[in-house]
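Just below is one structure, and these are the notes that go with it.
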Amino acid sequence: MKEVTVEELKSKIDNGENFQLIDVRESFEYEVSNLGGLNIPLSGILIEVDKIAKDKPVVVQCRSGKRSAQAVMMLEQQGFDNLANLKGGILAWKEEIDPEIDVY
């Protein structure tokens with residue numbers, strides 16, 4: 001499974017790269033803090049699979065990297081080959097990039 005670090009994600013955002021960010025946390029978690037990605041909770045990822053781009057890189061994130069890794073594995077079984085897991089999730093983002101972001 002391909003992974004990106006929070007530093008690599010920040011670089012993609014800062015450089016205006018064409019990619020999609022998917023946040024697989026629950027809606028209430030997303031409301032506390034998010035990185036601007038599309039919120040599709042893990043439980044609904046296969047139901048909403050049509051919202052996920054196949055024609056550009058997709059970074060999948062959650063709180064710590066575990067649920068997003070599950071999502072990547074599930075989606076790869078559906079034929080996706082453009083996915084990367086955000087290593088460490090939003091917890092790593094808080095630690096490495098933005099200490100002001102709220103996490104629970």
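Centroid-to-centroid, using Cα positions, segment 47-67 and segment 5-21 are 14 Å apart. Which residue fluctuates the most in the chain, going by a Gaussian network model with Cα springs under 10 Å, if the choices are Gly36, Gly16, Gly44? Looking only at Gly36, Gly16, Gly44, the largest GNM fluctuation is found for Gly16.
In segment 1-93, the portion of solvent-accessible area held by carbon and sulfur atoms comes to 49 percent [1.4 Å probe, whole percent, DNA, RNA and ligands not counted]. When you filter the trypsin sites (Lys or Arg not before Pro) in segment 15-66 for DSSP loop state and at most 16 other Cβ atoms inside 10 Å of their Cβ, you are left with Lys54. Per residue, the chain exposes 54 Å² of accessible surface when a 1.4 Å probe is rolled over the protein heavy atoms with every protein chain present. Taking each of Lys2/Lys51; Lys12/Lys51; Lys2/Lys56 in turn, the alpha-carbon distance tops 18 angstrom for Lys2/Lys51; Lys12/Lys51. Label separation (Glu3 vs Glu48): 2.5 nm, computed from points 7 Å beyond Cα along the C-beta direction.
The values are calculated or read from the model by the stated rules, or taken from the named source; none is laboratory data. Just so it is clear, the structure is predicted and the values come from calculations on it, not from any experiment. Every residue, glycine as well, gets a Cβ built from its backbone with ideal geometry; the counts of neighbours run over all protein chains shown. What goes into the accessible areas is simple: the full protein's heavy atoms, side chains included, and nothing from ligands, DNA or RNA. Shrake-Rupley method; radii C 1.70, N 1.55, O 1.52, S 1.80 Å.
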